[in-house]
Each structure stands twice: as C-alpha cells, then as structure tokens.
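S.K.: Okay, handing you the structure first.
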Amino acid sequence: MTWKTLSTKSLLNRPPFLEVLQEQVEIKPGQVVDDFYQIRLMDFAVVIPFLDDGRVEMIRQYKHGPAREVLGFPAGHVDPGEDPETAARRELLEETGLQADTLVHLGSFVDHGNQRVCQGHYFVAPHCRRVTEPNPGDLEEFAYEALLPSQIEAAILSGEVGVMHHVAAWGLWKMQS
C-alpha cells in the first residue's frame, strides 16, 4: 500500500543544501499522521577509483559528521540539473586528478527509509589515470593513500573509513566483483 501525502509545509529551506518539511500523511484509509517530517539534502555520488596496479586511490580528510579524520573515496554532491555519472566524474577529477574511460554504476539508494534525506549513487572507475593535479577546493585538505583491497577492508573493520556511504560503496563493489 502507498501512503498518501495530504499536505506539505516547509519548515526550513536553504537551497540547494537543506529543506525540512512537515507533512500530513494518510498511511491507510482513516489513519492520518499530522506531523511526518521529511529532510531533503542534495543527492551525492561516490566513486571507487582503481589504479592500473590494482590499488585504490583513497582520500584521508577531516569529516565533520564523525568529527575526525577518516579514509574515503572521492565523493560529493550531485549539482542541480546534473546527472549522477557526470557528478562522479567531476568529483573524481577535482578530488584526485584522476580520469577513467569507464564508470560502472553499482546502484542508487535512498539514504533513509522514511525520511528519504537524499539518494546516493555509487560507481567504480577501473583503470584510472592521472591527468591533472587535484583541486578539491578551499574547504578541503586531503592526503592521498593508494591502498590494496585487503588494506581497505582492514581500514573498514578498524573504523578508519568512518562514513557509511564509503563502506556501502565498497560492499556494493565486492558483491559485483
């Protein structure tokens, strides 16, 4: 059965980054929830960049969510009007200076089962080559580490990969490889 949204009220709107909504939702005939909240963030793309020697280029940086330095893959927002693969290619180039002829789409998933929040788009980039110096922007400071798959798995298990989207990307790749 599909829920029916009867009304929507925006409580906070800071485009394009954040919107908080209060919805009145009919979850079944005669049963209405008056204050069902939705949070909308920008969609994102994550890309796992494999180098020709079998290692993966990872980024070590501070992330404010876990409030510490973590390892992760190139990732970022899908800009309004941009398709996810274009965003993944842009982030790969900006954050690492790498390009790949092919990106393999591993899947797209909603971040939260009821509030949606955003949608993540996951890619793997085989045979990456360096074409320029990284230019991640003025708010980000990166250190780069080329790791073997076994080292990535150890980093995940030890908590060094501190953002679930990056763990999910690796899991999706492992299931399809």
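Derivation of every value follows stated rules applied to the coordinates shown; laboratory data play no part. Source: prediction; values computed, not measured. Positions of Cβ are backbone-derived with ideal geometry, glycine not excepted, and every protein chain shown enters the neighbour counts.
S.K.: Which of the residues that make up region 115-137 are in contact (Cβ under 8 Å) with a residue 40 or more places away in the chain and out of contact with any Asp or Glu (no Cβ under 8 Å at 6 or more places or on another chain)?
M.R.: Correct list: GLN115, ARG116, TYR122, VAL124, ALA125, PRO126.
S.K.: Name every residue in region 44-62 that is exposed (fewer than 14 other Cβ atoms within 10 Å of the Cβ) and either touching a helix residue (DSSP H, G or I) at 6+ places or on another chain (Cβ under 9 Å) or outside any loop (DSSP other than H, G, I, E, B) (or both), in order of residue number.
M.R.: Within region 44-62, GLY54, TYR62 meet the criteria.
S.K.: Related question: Go through ARG129, ARG89 for me and flag whichever is out of contact with any Lys or Arg (no Cβ under 7 Å at 6 or more places or on another chain), charged (D, E, K, R) and assigned to a helix (DSSP H, G or I).
M.R.: ARG89
S.K.: Criterion first (touching a residue at least 24 places away in the same chain (Cβ under 8 Å) and either under 29 Å from ILE39 (Cα atoms) or outside any strand (DSSP E or B) (or both)) does VAL110 satisfy it?
M.R.: Answer is no for this residue.
S.K.: Collect the residues in region 84-138 that are aliphatic (A, V, I, L, M), touching a Phe, Trp or Tyr at 6+ places or on another chain (Cβ under 6 Å) and farther than 22 Å from LEU41 by Cβ, keeping them in residue-number order.
M.R.: Across region 84-138, the qualifying residues are LEU103, VAL124.
S.K.: Are there any pairs with C-beta distances below 8 angstrom linking a residue in region 57-77 that is more than 18 Å from ALA169 (Cα to Cα) to a residue that is acidic (Asp, Glu) and outside any strand (DSSP E or B), with the two at least 6 apart or on different chains, and if so which?
M.R.: TYR62/GLU141
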